[in-house]
1. If you check VAL73 against the conditions, is it buried (at least 19 other Cβ atoms within 10 Å of the Cβ), within 26 Å of GLN40 (Cβ to Cβ) and touching a helix residue (DSSP H, G or I) at 6+ places or on another chain (Cβ under 7 Å)?
2. Which residue out of GLY91, GLY174, GLY106, GLY152 is free of Cβ contacts under 8 Å to residues at least 24 places away in the same chain and buried (at least 19 other Cβ atoms within 10 Å of the Cβ)?
3. What residue, of ARG144, ARG137, ARG183, ARG149, is within 19 Å of ALA94 (Cα to Cα), part of a strand (DSSP E or B) and among the basic types (Lys, Arg)?
4. Scanning segment 31-62 for residues that are buried (at least 17 other Cβ atoms within 10 Å of the Cβ) and touching a helix residue (DSSP H, G or I) at 6+ places or on another chain (Cβ under 9 Å), which turns out modelled with the highest pLDDT?
Amino acid sequence: MRPTLRWAQWILLASGVALLAYCGLVLMDTHRFQNREGRQLEHLVRDRPAANGVPSAASDGLIGRIAIPRLGVSAIVMEGSDEATLRHAVGHIAGTALPGQPGNVGIAGHRDTFFRPLRNIRKSDMITFATPTGESRYRVVSTRVVGPRDLGVLGNTAEDVLTLVTCYPFYFVGSAPSRFIVRADRVR
């Protein structure tokens with residue numbers, strides 16, 4: 001019995017070390033991606049003339065950087081909301097307005113990475129969205145929880161709004177049953 005326990009101990013220890021190493025590699029990869037894209041955004045802001053104020057995505061899908069200073073959130077925004085994009089950044093939801101355009105700008109992020117701090121967001125918190133063509137500021141007006149198929153929160157609006165979407169509940173293990181929505185109005 002003792003040799004079996006010893007082998008089980010070593011197998012469990014090796015598995016734990018491998019899992020920790022994997023988590024470290026994922027975190028390091030995301031950190032490097034955020035730094036690289038952040039430098040590219042700075043370069044675009046500094047060297048690229050504003051394209052008549054018309055927002056667009058860079059050739060690699062870079063949209064900009066979103067920040068919520070009170071919560072310490074700062075994340076690169078890429079085009080798309082697929083799993084590969086959300087692994088490294090937050091994503092602009094296809095079919096919604098781009099920042100600086102009129103309408104509803106939809107942004108998605110994972111609840112266990114960049115958008116975890118949204119659990120502490122409050123009405124009137126400020127959100128900035130920097131792009132190569134300028135910066136837009138938004139003030140939080142509401143939060144709510146909706147079903148995963150409720151796409152009405154992303155519908156086009158006459159007002160300039162920002163909608164942040166993440167899974168809910170924040171500490172749920174597995175595929176979360178709901179979505180946490182933050183709605184913010186653009187500040188002029």
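The values are calculated or read from the model by the stated rules, or taken from the named source; none is laboratory data. In this text the structure is predicted, and so the values were computed from the model without any measurement. Positions of Cβ are generated from backbone atoms using ideal geometry, with glycine treated the same way; all protein chains shown enter the neighbour counts.
1. Details: buried (at least 19 other Cβ atoms within 10 Å of the Cβ): yes; within 26 Å of GLN40 (Cβ to Cβ): yes; touching a helix residue (DSSP H, G or I) at 6+ places or on another chain (Cβ under 7 Å): yes.
The answer is yes for VAL73.
2. Details: GLY174 fails: buried (at least 19 other Cβ atoms within 10 Å of the Cβ); GLY106 fails: free of Cβ contacts under 8 Å to residues at least 24 places away in the same chain; GLY152 fails: buried (at least 19 other Cβ atoms within 10 Å of the Cβ).
Only one candidate passes the filter, namely GLY91.
3. Numbers: ARG144 fails: within 19 Å of ALA94 (Cα to Cα); ARG137 fails: within 19 Å of ALA94 (Cα to Cα); ARG149 fails: part of a strand (DSSP E or B).
Within the list ARG144, ARG137, ARG183, ARG149, the selection yields ARG183.
4. Applying the first criterion (buried (at least 17 other Cβ atoms within 10 Å of the Cβ)) to segment 31-62 yields 34, 37, 41, 45, 55, 57-58, 62.
Okay, now just the ones that are also touching a helix residue (DSSP H, G or I) at 6+ places or on another chain (Cβ under 9 Å), so 34, 37, 58, 62.
Values: GLN34: 82, GLU37: 88, ALA58: 58, LEU62: 94.
Going through the qualifying residues, I end up with LEU62.
Quick grid of which residues meet (1) in contact with a Lys or Arg (Cβ under 9 Å, 6 or more places away or on another chain); (2) farther than 24 Å from GLY72 by Cβ:
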site	(1), (2)
GLY100	no, yes
THR113	yes, no
ARG116	no, no
ASN120	yes, no
ARG144	yes, no
GLY152	no, yes
LEU162	yes, no
ALA176	yes, no
ASP185	yes, no
